[in-house]
Amino acid sequence: MKKQRNKKVLVEVSSRHLHISKEDFEILFGRNEILKKVKDLSQPGEFGSDKFVTIYNKGKEIKNVRVVGPFRENSQLEISLTDAYYLNLKPLPKLKLSGDLEGTTRVEVIGKKRSKKIPCIITKRHFHISEEQAKKLNLKNNEKISIKIKGKRGLIFKEVIVRTSKNYKSAVHLDTDEGNSAGIFGKTFGELILEKS
């Protein structure tokens, strides 16, 4: 028999963006450039920077893609499936968790100085939660849960991957395709559906 426990949580929609390594940053923008913080993001230490890039493929481009800091060990471009179709990417980027870049499509990213082909993924919907809070809810890293969005276009998103870390703040991250499909606009809260056997 299943026991179901529900909890409200912040839902954020992440638009296309680039996580970048210091090495790739210097290639795209030059060694003398600095990755400056413009605004803090919801997860501690992460920020939107003052730098933007263009994604290019076979005559199609998407401009003003924000670079997100701080520097990472490996660069990764995160886009939506709609973006991938528009850019006519073949093969399509794989649906993956952040940091899993094995076998990914590489896409040309153009910076202020130069360009480079960078691994590109469509990010799996996921739930950031601190290790302490996860323990209280009896959740484990990489476990799958569901999130219910209410409203005129309300949906239940399944296959939401739990991601735990000591300093995470609780928030579900969807991409723009998912956010649009549920009619999410502005600050939104969803209902976690936690099912245990």
**Item:** Meets criteria (outside the structural domain of Glu178 (by TED's automatic domain parsing) and farther than 26 Å from Glu159 by Cβ) for Tyr56
**Value:** yes
**Asked** For residues in the range 62-91 being in a loop (DSSP other than H, G, I, E, B) and more than 17 Å from the chain's Cα centre (by Cα), which is surrounded by the most Cβ atoms within 10 Å (Cβ to Cβ)?
**Response** Leu87
**Message:** Given the criterion within 27 Å of His128 (Cα to Cα) and basic (Lys, Arg), identify the matching residue among Arg31, Arg72.
**Reply:** Arg72
**Complete:** If you go through Ile118, Ile145, the only one that is in the same structural domain as Asp24 (by TED's automatic domain parsing) and aliphatic (A, V, I, L, M) is Ile118
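Considering Val38, Val53, which residue is touching a Gly at 6+ places or on another chain (Cβ under 9 Å), assigned to a strand (DSSP E or B) and surrounded by 17 or more Cβ atoms within 10 Å (Cβ to Cβ)?
Numbers: Val38 fails: surrounded by 17 or more Cβ atoms within 10 Å (Cβ to Cβ).
Of the residues listed, the single one that is touching a Gly at 6+ places or on another chain (Cβ under 9 Å), assigned to a strand (DSSP E or B) and surrounded by 17 or more Cβ atoms within 10 Å (Cβ to Cβ) is Val53.
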**Prompt:** Restricting the range 140-163 to residues that are of a type in the set (D, E, K, R) and touching a residue at least 24 places away in the same chain (Cβ under 8 Å), which is surrounded by the most Cβ atoms within 10 Å (Cβ to Cβ)?
**Reply:** Arg163
**Request:** From (1) more than 19 Å from the chain's Cα centre (by Cα); (2) without any contact (Cβ under 8 Å) to a residue 40 or more places away in the chain; (3) not assigned by TED's automatic domain parsing to the domain that holds Asp24, pick out the condition that doesn't hold for Gly186.
**Result:** (1)
**Message:** So Gly151 passes all but one of these: (1) at pLDDT 95 or above; (2) assigned by TED's automatic domain parsing to the domain that holds Thr164. Which condition number does it fail?
**Reply:** (1)
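The values are calculated or read from the model by the stated rules, or taken from the named source; none is laboratory data. The structure presented is a predicted model; accordingly, all values stated were derived computationally and were not measured. Backbone-built Cβ (ideal geometry, glycine too); neighbour counts: all protein chains shown.
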